[in-house]
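Asker: I have a structure here, written as structure tokens, and I will follow up with some questions on it.
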Amino acid sequence: MIPQPAQYLLRFDDLCPTYSRERWRRFTPLLAEFGIRPILAIVPDNRDPALDWSPPDPAFWDEMRSLEGSGSAIGLHGLQHLCLSRGRGLVPLHRETEFAGVAEETQRVWVREGLAILRGHGLNPAIWVAPRHGFDRATLRVLRGEGIGLVSDGFTRRPFIRDGLTWIPQQLWAPEAKKSGLWTICLHANTAPDSLVKQLRRFLQDRAQQFTSVERIAAGSGPAPLTFAGRMQAQAALLRVRVRTGLSRLRHAE
């Protein structure tokens, strides 16, 4: 059943010790004030220079453990965030990805290494968050084998089952009011402008009671396989996002 009224889930991507602590600190007061329990998508072993915003923060892992203890869900956000493959993923939004198209055994090594790093820091990763939405069926087989049963991706309006895993959809990159459905808002603290922080605060002031968590979703009524109508709706939504993304790239190229 599609939730009514709409429910929302917040997700923060690209978290790692070299993030911009100053920019991240714009969001943490909102989490505490409104009782929000987001997905924290952590890069276990960042090697992406684009995520090197500062020297490694010695308090990073303590803070992630504290937030998990308060109800946030830890997401495995790839391994090194190096998107060097051009394999076609199940959610084809980007040409270059980290996992899609990579040999399954290599993916298994990467997933195991990422999980070991997060667990070694006292965290309990519960959900897969692919860098640039890049993953394929081999990725899902590996995740299933390693005990990760949740994926944060897809453009439906409710959780669904595909290839033996539960997908929690992620369709928004800024707060947007919806009438029904489950909507994950993905934010990148390193690059979010102050205007987005203010927009999120206004949104939470009006709708904080409609925000849920991975724990609540997992404890709710079980998701069903995606129907034909659901697949068509998801494909249409994906196409709209791809068109918007393409237009944005064109504007930046001018």
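Asker: Mind checking whether some residue in the stretch 124-131 is aromatic (Phe, Trp, Tyr), assigned to a helix (DSSP H, G or I) and under 28 Å from LEU31 (Cα atoms)?
Answerer: Looking through the stretch 124-131, none of the residues is aromatic (Phe, Trp, Tyr), assigned to a helix (DSSP H, G or I) and under 28 Å from LEU31 (Cα atoms).
Asker: Which of the numbered conditions does VAL102 fail, given that it passes all the others? Conditions: (1) surrounded by fewer than 18 Cβ atoms within 10 Å (Cβ to Cβ); (2) farther than 25 Å from ALA219 by Cβ.
Answerer: (1)
Rundown of residues vs (1) touching a Ser or Thr at 6+ places or on another chain (Cβ under 8 Å); (2) surrounded by fewer than 20 Cβ atoms within 10 Å (Cβ to Cβ); (3) not polar (S, T, N, Q), yes/no style:
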{"position": "PRO5", "(1), (2), (3)": "yes, yes, yes"}
{"position": "LEU40", "(1), (2), (3)": "yes, no, yes"}
{"position": "ASP45", "(1), (2), (3)": "no, yes, yes"}
{"position": "TRP53", "(1), (2), (3)": "yes, yes, yes"}
{"position": "GLY71", "(1), (2), (3)": "yes, yes, yes"}
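Asker: Could you tell me whether ALA32 is of a type in the set (A, V, I, L, M) and either part of a loop (DSSP other than H, G, I, E, B) or touching a residue at least 24 places away in the same chain (Cβ under 8 Å) (or both)?
Answerer: no
Asker: Could you run through the stretch 84-101 and say how many residues are closer than 9 Å to PHE135 by Cβ and of a type in the set (A, V, I, L, M, F, W, C)?
Answerer: Final tally of qualifying residues: 4.
Asker: Residue by residue through the stretch 54-99, note down the ones that are part of a strand (DSSP E or B) and over 19 Å from PHE12 (Cβ atoms).
Answerer: If the condition is that a residue be part of a strand (DSSP E or B) and over 19 Å from PHE12 (Cβ atoms), then SER85, THR97 are the ones that fit.
Asker: Look through the stretch 2-25, keep the residues that are part of a loop (DSSP other than H, G, I, E, B) and in contact with a Leu (Cβ under 9 Å, 6 or more places away or on another chain), and return whichever of them is farthest from SER195 (Cα to Cα).
Answerer: ILE2
Asker: Need the failing condition index for ILE217 against (1) of a type outside the set (Asp, Glu); (2) modelled with pLDDT under 95; (3) loosely packed, with under 13 Cβ neighbours inside 10 Å, just the number.
Answerer: Looking at each condition in turn, ILE217 falls short on (3).
Asker: Which residue out of ALA116, ALA103 is modelled with pLDDT of 95 or more, closer than 23 Å to TRP61 by Cα, among the small types (Gly, Ala, Ser) and more than 19 Å from the chain's Cα centre (by Cα)?
Answerer: After applying the criteria, what remains is ALA116.
One line per residue, one yes/no per condition, for (1) aromatic (Phe, Trp, Tyr); (2) buried (at least 22 other Cβ atoms within 10 Å of the Cβ); (3) at pLDDT below 95; (4) more than 14 Å from LEU40 (Cα to Cα):
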| residue | (1), (2), (3), (4) |
| --- | --- |
| VAL111 | no, yes, no, yes |
| HIS121 | no, no, no, yes |
| PRO125 | no, yes, no, no |
| ALA130 | no, yes, no, no |
| ARG141 | no, no, no, yes |
| GLY149 | no, no, no, yes |
| GLY154 | no, yes, yes, yes |
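Asker: Looking at the stretch 221-239, can you tell me whether even one residue there is out of contact with any helix residue (DSSP H, G or I) (no Cβ under 7 Å at 6 or more places or on another chain), exposed (fewer than 14 other Cβ atoms within 10 Å of the Cβ) and modelled with pLDDT of 75 or more?
Answerer: Yes - at least one qualifying residue is present in the stretch 221-239.
Asker: Also: Which one of GLY35, GLY78, GLY71, GLY89 is over 21 Å from LEU123 (Cα atoms) and in contact with a helix residue (DSSP H, G or I) (Cβ under 8 Å, 6 or more places away or on another chain)?
Answerer: The conditions single out GLY89.
The values are calculated or read from the model by the stated rules, or taken from the named source; none is laboratory data. As the structure is a computational prediction, the values presented were derived from the model and not from experiment. Backbone-built Cβ (ideal geometry, glycine too); neighbour counts: all protein chains shown.
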